[in-house]
């Protein structure tokens with residue numbers, strides 16, 4: 001994984017800053033997110049718990065925001081505790097996230113919410 005981060009992604013596309021390999025906390029977050037199956041979502045808080053970092057939902061958001069373009073981590077499957085897509089400071093990603101989720105069969109209601117009772121991933 002270090003090779004991928006170091007060679008392929010030597011510069012972060014959003015900031016122009018050099019990218020370092022992810023921290024242990026970020027690796028745990030990414031591993032948890034990779035477990036979410038297609039057609040399901042998890043909340044930021046749920047991923048924090050699965051990564052062994054209770055009450056660190058915001059850090060999950062930071063980790064997902066730090067992903068380089070083209071990452072294989074399915075960041076789009078993580079939503080807020082209300083079943084909504086969290087808006088980002090850089091425009092357009094929320095609509096792209098919705099498109100990706102809808103392609104996987106995740107439905108939104110008229111209030112732009114996902115029914116967590118139906119689509120939330122519940123790991124065994």
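For the stretch 60-83, does any single residue satisfy the condition of being outside any strand (DSSP E or B), touching a residue at least 60 places away in the same chain (Cβ under 8 Å) and surrounded by fewer than 13 Cβ atoms within 10 Å (Cβ to Cβ)?
no
Considering the stretch 69-97 alone, what residues qualify as being more than 12 Å from the chain's Cα centre (by Cα) and farther than 19 Å from residue 113 by Cβ?
69, 70, 89, 90, 91, 92
Of everything in the stretch 48-59, what is assigned to a loop (DSSP other than H, G, I, E, B) and either crowded, with 19+ Cβ neighbours inside 10 Å or in contact with a strand residue (DSSP E or B) (Cβ under 8 Å, 6 or more places away or on another chain) (or both)? Give them in sequence order.
Within the stretch 48-59, 51, 56 meet the criteria.
Looking only at the stretch 32-47, count how many residues are part of a helix (DSSP H, G or I) and either touching a residue at least 60 places away in the same chain (Cβ under 8 Å) or more than 11 Å from the chain's Cα centre (by Cα) (or both).
Taking the stretch 32-47 first, the residues part of a helix (DSSP H, G or I) are 32-34, 44-47.
Cutting the leftovers down to either touching a residue at least 60 places away in the same chain (Cβ under 8 Å) or more than 11 Å from the chain's Cα centre (by Cα) (or both) gives us 45-46.
Count: 2.
Would you be able to tell me the number of residues in the stretch 112-124 that are under 13 Å from residue 85 (Cβ atoms) and either more than 17 Å from the chain's Cα centre (by Cα) or assigned to a loop (DSSP other than H, G, I, E, B) (or both)?
Counting residues in the stretch 112-124 that are under 13 Å from residue 85 (Cβ atoms) and either more than 17 Å from the chain's Cα centre (by Cα) or assigned to a loop (DSSP other than H, G, I, E, B) (or both) gives 2.
Would you mention how many residues in the stretch 87-111 are outside any helix (DSSP H, G or I) and loosely packed, with under 15 Cβ neighbours inside 10 Å? Please lay out each step first, then the result.
Filtering the stretch 87-111 down to residues outside any helix (DSSP H, G or I) leaves 87-92, 104-111.
Next, only the ones that are loosely packed, with under 15 Cβ neighbours inside 10 Å stay: 87-92, 105, 107, 109-111.
Number satisfying all stated conditions: 11.
Bear in mind that the values in this text are calculations on the coordinates, not laboratory data. Everything numeric in this text was worked out from a predicted model, so none of it was measured. Virtual Cβ from ideal backbone geometry, glycine too; neighbours counted across all protein chains shown.
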